Amino acid sequence: MEQRYLGRTGLRVSRIGLGTLTWGHIEENDAADLLKVFWEAGGTLVDTADVYGDGEAEYLLGRLMERLVPRRDLVIATKAGSVPDPERRFDGSRGHLLAALDASLTRLGTDHVDLWQVHAFDPGTPLEETLQALDIAVTSGRARYAGVSNFSGWQLAKAATWQLAQPGPRTRLAGTQMEYSLLQRGVEREVLPAAVDLGVGLLPSSPLGRGVLTGKYRHATPADSRGGSDQMAPFVAPYLDDTARRIVDAVATAADGLSATPLQVALAWVRDRPGVSAPIVGARNAQQLTAALSVETLSLPDEICRALDDVSAPVHRYPDHDWSTL
């Protein structure tokens, strides 16, 4: 699998990453199959978080690194900052973040992570305090690189600029993880331009539109799908409207013309967008992951990209476009 630099850093990652959001709810043998398939395909970037499965995802990944895949072959990315507190969903305080990192390292069974990310912006903590935790993590050797997740455009720009402008040993933000797909192009408004300008690599989550872009929901909702489960149905529902249906139909048409699958077309589109380093793909089983990894050999023709751009284009007017043309 092709490797890419993450932003304007020396960290190289596979251009498809493996997500572990569901690893707290699957059997260890199934997780082992996923990791083995990913590793054997040349994948390196494995993304997790301290809250996935209440820590079980990190714990499971740590066990698999002991017996299945060498630690040196993987780029481990984890996150901290989300908390199970209805009064305070995010905690970006220095104390919480560093304690969470130490707990993550224990569960993962390693002395460092390759990429440590703040899971979300905490409006209750001064941003400079949150960023200081990233500096401490890197200078202490517990993290090799640092990034953020779910930051808006101005939040990302402020954080990245602070790290570049402040004197002393500051840690450049390497990446930002955001939802991005043909069904969710909101990052193109401010986040992606800021990331490209500041040299921050984008790691798209849900690059298949929460599974909708695979085409599985075109005619019905499969009983064994996320949309068919009581727990995950609300997660999928926003992408089952008429607008999404038109986009999915266009993806399916493109796939037919290319002798490919809708999954391959949708994933290739987001993988090769400017500023993108590596989409993060989640899969329930090895068969699904193998299907996603088969996109490695596919590059979309320019005319297909333009057609998909047009059908999925979000409405961005003032101030994103020249006001004199509106």
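Summary table below
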quantity: Net charge dipole size for the chain [Lys, Arg +1 and Asp, Glu -1 on Cβ; Debye, nearest 20]; calculated: 460
quantity: Distance between segment 187-221 and segment 112-126 - C-alpha centres, whole angstrom; calculated: 20
quantity: Quotient of Cα Rg and 2.2 N^0.38 Å for the chain, N being how many residues it contains; calculated: 0.98
quantity: The chain - accessible surface per residue (Å², probe 1.4 Å); calculated: 45
quantity: Over the chain: helical MRE at 222 nm, DSSP H runs n ≥ 4 each giving -39500 (n - 2.57), nearest 500; calculated: -11500 deg cm²/dmol
quantity: For segment 1-52 versus segment 254-321, the gap between their alpha-carbon centres in whole angstrom; calculated: 19
quantity: Accessible area of segment 235-281 belonging to carbon and sulfur atoms, whole % at 1.4 Å probe; calculated: 54
quantity: Segment 15-156: relative contact order in percent, alpha carbon pairs under 8 Å with at least 6 residues between; calculated: 21
quantity: Debye intensity ratio in log₁₀ form over the Cα atoms of segment 117-178, taken at each q of 0.21, 0.25, 0.30 Å⁻¹; calculated: -0.78, -1.12, -1.54
quantity: Segment 230-326: relative contact order in percent, alpha carbon pairs under 8 Å with at least 6 residues between; calculated: 26
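The values are calculated or read from the model by the stated rules, or taken from the named source; none is laboratory data. The structure displayed is predicted, hence computed values, not measured ones. Glycine also receives a Cβ, built like all others from the backbone with ideal geometry; neighbour counts cover every protein chain displayed. Note: accessible area is taken over every heavy atom of the protein model, side chains too, but ligands, DNA and RNA are not part of it. Shrake-Rupley method; radii C 1.70, N 1.55, O 1.52, S 1.80 Å.
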